[in-house]
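Single-structure report; data block below.
Every number in this text was worked out from the coordinates using simple rules, so none of it is lab data. What you see is a predicted model; the values in this text were computed from it and never measured. Cβ placement follows ideal geometry from the backbone for every residue including glycine, while neighbour counts extend to all protein chains displayed.
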Amino acid sequence: MLNNIKKNLKPNQKIVAVSKLQPIDKIQKLYAEGQIDFGENYVQEALEKIEQLKDLNIKWHLVGPLQKNKIKYLKNNFEYIHSVNSLETAQIISNQAEKINYLQKIFIQVNISNESSKSGFTVEEFQKNWPMISQLKHIKVIGLMTMPPLQNEPEQNQPLFKALKDLADQYQLSELSMGTSHDYEIALKQGATWIRLGTVLFGERAK
Ligand SMILES: *Cc1c(COP(=O)(O)O)cnc(C)c1O
C-alpha cells in the first residue's frame, strides 16, 4: 500500500505514517519499507515509542491535540508539530524550545469548516493572531493543517482543502498538512504537501 500511494505523489508531497495506538513492530516494518516520517497523537505514548525506536532514523511528527501542560515534555523530540491551535500553545512551545535552543517547526491548525467541535483557529482568529505567532523566536511556522469533520464524505472536504490552500498562499506558507486515509486523494489534488495516513497503512488501530 505504501508504495502504491507513493507512486502518485508529486516531488513536494510526503506521507506522515500516523502510528498512534499501533504496535512497535508495525512501525519497524513500515520503516524497513522506506517510511521515515511517523506521526503520533499522545505525548506519553509518543515519547515511549521514540525511546524504544531511537536506533532508527525516524522523523517524528506530533499530529494530535496538544495539552499545554504536556508541552514541557516535548523537548527536541519532534521535527514537526501539526496541531498548534492557540496563541498560548505557540508561546509555550517557543518558550520551552528557547530553553534548549531548539527551533520547533510547526503547522497552525485551522478549523476551516468552522465546525464548533473541532479544535483549531478559525480563519478570523488565525488572521488576528498571525502577527504575534509569526514573531515567536523559537518557532518556525511552515504551514497550515486541517482536520475536517470526521463524518464528512471525502467530496465534502474538497472545498475545505481548497480554502486552506488559499489561506496558506495568502501568507506565503508552503506546507499543507491535510488528508487522512479516507480523503487523501482529494487532499493531494488540492495541493497537500503532507498527507497523514493511519489505517490505510497500518490497518485498524487498537481500541
Ligand atoms: C488519527 C489521525 C490521522 C490518521 O487517521 P486515519 O483515518 O487512520 O488515516 C490523521 N490525522 C490526525 C490528526 C489523526 O488524529
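Selection among N101, L87, Q135 by position relative to the dipole of the chain gives N101 as farthest towards the positive end (Cβ unit charges, Cα centre). Pairs of Cα atoms nearer than 8 Å and 6+ residues apart set the relative contact order; for the chain it is 20 percent. Here the 3J(HN,Hα) profile of the range 159-173, calculated from phi with Karplus coefficients 6.51, -1.76 and 1.60 at θ = phi - 60°, is x, 5, 5, 5, 5, 5, 4, 4, 5, 4, 4, 4, 9, 6, 9 Hz, Gly and Pro shown as x.
Phi-derived couplings, Karplus 6.51 cos²θ - 1.76 cosθ + 1.60 at θ = phi - 60°, listed residue by residue for the range 195-200: 9, 10, 10, x, 4, 5 Hz, with x used for Gly and Pro. Summarising the amide proton neighbourhood of V141: residues at separation of 5 or more, or on other chains, whose placed amide H is nearer than 5 Å comprise I106.
Estimated at 0.36 nm per residue, the fully extended path between K10 and N114 surpasses their Cα-Cα distance by 34.5 nm.
Placing +1 on the Cβ of every Lys and Arg and -1 on the Cβ of every Asp and Glu, with nothing else charged, gives the chain a dipole about its Cα centre of roughly 420 debye. When the pairs K7/K105; K59/K99; K26/K59; K10/K105; K6/K54 are compared against a 18 Å limit on Cα-Cα distance, K7/K105; K59/K99; K10/K105; K6/K54 fall above it.
Ranking T180, V43, N3 by how far each Cα lies toward the positive end of the dipole of the chain (charges on Cβ) leaves V43 at the top.
Let me know the shape class of the range 63-181, please: from the alpha-carbon gyration tensor, a ≥ b ≥ c as square roots of the eigenvalues, rounded when a/c is under 1.5, otherwise prolate if a/b is greater than b/c, or oblate. Show your work: numbers first, answer last.
Details: a/c = 1.98, a/b = 1.65, b/c = 1.20.
The shape class here is prolate.
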